[in-house]
1. How far apart, in nm, are two points set 7 Å out from the Cα along the Cα-to-Cβ line at TYR36 and at VAL49?
2. What does the extension gain come out to for THR99 and LEU156, with contour length at 0.36 nm per residue minus their alpha carbon separation?
3. What is the packing order of peptides 64-70, 153-159, taking the mean over residues of other C-beta atoms within 10 Å and listing the highest first?
4. Among residues other than SER94 whose Cβ falls under 11 Å from its Cβ, what is the net charge (Lys/Arg +1, Asp/Glu -1)?
5. For ALA171 and ALA20, FRET efficiency with R0 = 35 Å and r from the beta-carbon atoms, rounded to 0.05?
Amino acid sequence: DWNGGGRHVSDELGFGTLDAYNAVRLAETWDIVSTYANLQEATVSSGPVNGILDRNTISHTITVADQGIDLQHVVLGLNLSHFRVGELTVTLTSPDGTTSLLINKPGGGSAYASTFIDEFALTSVQYWGEDIAGVWTVTVTNSDYNGNDTVQHTGLWSSFDLTFLGNAATADDLYVYTSEYGRFGTETARQTLT
């Protein structure tokens, strides 16, 4: 699937394999090297304080203003408690519509009975190149792990924060077009039609 930044990405394979030869050739043209010293970071927080009911999905949105960052990485700090984590899935959806699956029924959706109460840092690079500004949506789904569970397992979603990491946004961007980019227009048009 294509993310909102025009990059081909998947939950299983990320951005795919690296062409090391061409990556080194491209790096030889860089005038500025990105290091931790020039990392830009912005954080927004929200406290939904919602109950996580059994066999239910809840979502919470937060509107983010432009932060002047060329986005590379997003960290979701999620503070929730639940008795059976094997029943939970958590997704984060960007303003451009890219959805990243951050928790997917740990333990294979088994009856993994373990309470967790704390903030977890869940990370994704699937939003690389997208705009930060807009509405971000965090969704928590509490599913019955085997379809026959008669015991209700609920939890509490206390708060969350989103941290955006990247470089300072500038008008001086470098675009490298590959053969994959040539498929972008054709594949996105086909997806729109279907």
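Rule-based calculations on the coordinates, nothing more; no lab input. Remember, predicted model here, so these are calculated numbers, not experimental data. Here the Cβ is made from the backbone with ideal geometry for all residues, glycine too, and neighbour counts use every protein chain on show.
1. Computed distance between label sites TYR36 and VAL49 equals 3.7 nm.
2. Result for the pair: 18.2 nm of gain on full extension.
3. 153-159, 64-70
4. Value of the local net charge: -3.
5. Using R0 = 35 Å, I get an efficiency of 0.70.
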